[in-house]
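Heads up, the thing below is written out as structure tokens.
The values are calculated or read from the model by the stated rules, or taken from the named source; none is laboratory data. Predicted model, so just to flag it, every value in this text is computed and none were measured. Quick reminder, even Gly has a Cβ in these numbers, built from the backbone with ideal geometry, and neighbours come from all protein chains shown.
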Amino acid sequence: MSLTPRQLACLRHAADGHTRDTTARALNIDTRTVNRAIHDAIQQLSAHNLVHAIGIAYCTGLLQVTPVDDQQVALVRLAERMGCWIALVPGRST
């Protein structure tokens, strides 16, 4: 199973919480191109929807969790040792 670089980029942006409009601006492409890339990725991964496609992409190694600081790196390594899948969601620290 493989996806094009554009499909992977669009899934990565979606996984990071970006809208399709924001993704289009970041990748310097039209929103319709983003929609097509996401639609095609969903089809190729035999997913039910975008969230399912992102989950499949993480589970198959097409997308990786990208930690941004030492604490997140430690959390990702711990989860990997335990055989868990996690998502790092941007937000406020507590």
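Note on segment 62-73: residues that are without any contact (Cβ under 8 Å) to a residue 60 or more places away in the chain and either closer than 15 Å to His18 by Cβ or not in a helix (DSSP H, G or I) (or both) total 7. One residue stands out in segment 1-21 among those that are under 12 Å from the mean Cα position of the chain (by Cα), part of a loop (DSSP other than H, G, I, E, B) and in contact (Cβ under 8 Å) with a residue 60 or more places away in the chain: the one that is surrounded by the fewest Cβ atoms within 10 Å (Cβ to Cβ), namely Gly17.
Which residue is modelled with the lowest pLDDT, if the candidates are limited to segment 29-61 and must be part of a helix (DSSP H, G or I) and of a type in the set (Gly, Ala, Ser)? Only one residue tops the list, namely Gly55. Given the criteria over 19 Å from Val65 (Cβ atoms), without any contact (Cβ under 8 Å) to a residue 24 or more places away in the chain, in contact with a helix residue (DSSP H, G or I) (Cβ under 7 Å, 6 or more places away or on another chain) and of a type in the set (Gly, Ala, Ser), does Ala24 qualify? In short, yes. No other residue among Asp40, Asp30, Asp69 is among the charged types (D, E, K, R) and surrounded by 13 or more Cβ atoms within 10 Å (Cβ to Cβ) apart from Asp40.
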